[in-house]
1. Taking the Cα-to-Cβ direction at ILE332 and at SER254 and moving 7 Å from each Cα, how far apart do the two end points lie in nm?
2. Hey, how many Å between the Cα centroid of the stretch 158-230 and the Cα centroid of the stretch 272-315?
3. Name the residue farthest towards the positive end of the dipole of the stretch 186-273 from the options LEU214, THR248, LEU273, assuming +1 on Cβ of Lys and Arg, -1 on Cβ of Asp and Glu, about the Cα centre.
4. Can you give me the distance in nm between label points at LYS281 and THR217, each placed 7 Å from the Cα along the Cα-to-Cβ direction?
5. Report, ordered by chain and residue number, the lysines lying within cross-link reach of LYS289, taken as a straight Cα distance under 20 Å and ignoring same-chain residues fewer than 8 apart.
6. Read phi for every residue in the stretch 253-265 and hand back ³J(HN,Hα) as whole Hz from Karplus 6.51 cos²θ - 1.76 cosθ + 1.60, θ = phi - 60°, with x for Gly and Pro.
7. For the pair ARG237/GLU264, report the inter-label distance in nm, with labels modelled 7 Å from Cα in the Cβ direction.
8. Ignoring ligands, DNA and RNA, what percent of the 1.4 Å accessible area of the stretch 154-241 is carbon and sulfur?
Amino acid sequence: MNDLELLSDYGPDAPAASSAALSSARHRLMAEVIAVAPAQPGWGWRRARWELQHRRVGLSFAVAVAVVAAAGGSFVLSEHRAPAGNSTGVQLVAFDAPVYPIGLRPRPAGLAAPTFSGGVARDEQGNDRPVMTAVFAATDGVSDVYLGVGDRYVPQDAPERVRSVTLHGVPGFVVDHQAQSGTSVVLSWQRRSGQWVTLTGHGRFGSETAVRALAATVADDAQPVPLQVRLAPAGWRLAAFKDNKIVTLRAPVSGEELIVNLVEAPERNLMGLVIGAKRIKTVQVNGRKSDLVQTLNGWFLQVPLPDGTAFHLQAPAMLTGEQIVAVGAQVIVTPRGR
């Protein structure tokens, strides 16, 4: 390919990339970000490089992460409802979707239902631990709230910037942040033994008074992640999930991945858009006509949903086409709005 062809195909005036191509690129980027994330000592609110990036440019600190295990959430695979394995030895077993343990009850007016993002990180003892963030966006477009929960407190800033406070008679900490996008306030406290909660408020919630008022609404409230993968290869673990739209599972030894993501509408030309596509056939997934693409190194399944959206499932060649369809039949998408 010469320079003129490169400019035509990939320059500023090139045709817009398809959602399938963008989806594939986004998955690869997410996987690389998670893979190179440094281990973080301790748990609680810290500067986690892999964490959900805030939408406002200039925000100088990362948002909190929450350990779902603190309230009994589980990411492990359980050994039941197991279809037969294939010739490569891959067996499918039930997968327990993550559950976020707390919420804001009642949710303040003007805050939308939360979105969840997170993954798995390694603690100082070398153990994998699930981490999670709940983000409540506000209708004004400039305010939002981040809610996290963990089993211990880890300062997210220099000691001289952290103020000790009390909340409901228990110890806590407050950090104020100033940025071009406005003021943010972080309040952390021990809600019960073994459970530290952290609230970050931006915009109209960016004051200590506002986050203290929010703290009064925190309650136990188990909330399953809206996009769930309920069937997966035995032994695979959750690697990452983001914005209620992407879930990535990973094999512990080989590093192979199974990725599910929501898209706004089904793609019409999968053979032309899916990298390495070899052949395509129509399959039935929960009574819906779906497209199963075999690629040079795996599979790509597109399943339309009743609301006009769709989900894509990407998986390695070690699974069979029948197993891909079985996994797709166990993908659960629940509407937001709680």
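1. 2.7
2. Comparing the Cα centres of the stretch 158-230 and the stretch 272-315, I get a distance of 41 Å.
3. Going by the charge dipole, the pick is LEU214.
4. That separation, rounded to one decimal, is 5.2 nm.
5. Answer for LYS289, where 20 Å is the Cα cut-off: LYS278, LYS281, listed by chain and number.
6. 9, 6, x, 4, 10, 10, 10, 10, 9, 7, 10, 5, 7
7. Using points 7 Å along Cα→Cβ, the separation is 3.6 nm.
8. Working: 1830 of 3580 Å².
Carbon with sulfur: 51 percent of the solvent-accessible area.
The values are calculated or read from the model by the stated rules, or taken from the named source; none is laboratory data. Predicted model, so just to flag it, every value in this text is computed and none were measured. Cβ atoms come from the backbone with ideal geometry, glycine included; neighbour counts cover every protein chain shown. Note: areas computed on protein heavy atoms with side chains; ligands, DNA, RNA excluded. Shrake-Rupley method; radii C 1.70, N 1.55, O 1.52, S 1.80 Å.
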